[in-house]
Amino acid sequence: MAQIPPGQLATYGQIAELIGVWGAARQVGWALRRLPLPSPIPWHRVVNARGQISFTPSREGSDWIQRELLLAEGIPVDTAGRLPLARHRWQPR
């Protein structure tokens, strides 16, 4: 995830595939939730496959932090957490 450049996004499933655990998108999300904030890892650039921030009370506000960090990078996010994933999707080499 540290390789995802500013202004680009990846999905939880995409990260799972890159680390060799296809189908483990949910586990990637759980791992990211346990990062201390602030974190040097760009966790905020990882979103769900629908191109949305996963808003949930269990995130204790990190979903709103994610929205603000993405907006600061120039990625438009609406109030429902939807963003243009196709336009900003990271394509690793």
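Quick notes on this structure:
- When restricted to residues that are surrounded by fewer than 14 Cβ atoms within 10 Å (Cβ to Cβ) and of a type outside the set (Gly, Ala, Ser), segment 30-42 contains 7.
- Qualifying residue in segment 47-55 (condition: part of a helix (DSSP H, G or I) and in contact with a Ser or Thr (Cβ under 8 Å, 6 or more places away or on another chain)): no
- Screening segment 80-93 for residues that are assigned to a loop (DSSP other than H, G, I, E, B) and in contact with a helix residue (DSSP H, G or I) (Cβ under 9 Å, 6 or more places away or on another chain) and picking the one that is farthest from Gly7 (Cα to Cα) gives Gly81.
- Here is the figure for segment 43-68: residues that are under 11 Å from Thr11 (Cβ atoms) and exposed (fewer than 13 other Cβ atoms within 10 Å of the Cβ) total 2.
- Among residues of segment 1-27, those that are more than 10 Å from the chain's Cα centre (by Cα) and more than 19 Å from Pro76 (Cα to Cα), counted: 16
- Number of the exception - Gln27 against (1) in contact with a helix residue (DSSP H, G or I) (Cβ under 8 Å, 6 or more places away or on another chain); (2) crowded, with 18+ Cβ neighbours inside 10 Å; (3) in a helix (DSSP H, G or I): (2)
Bear in mind that the values in this text are calculations on the coordinates, not laboratory data. This structure is a prediction, so every number in the text was calculated from the model and none was measured. For neighbour counting, all protein chains shown are included, and Cβ atoms are generated from backbone atoms with ideal geometry for every residue, glycine included.
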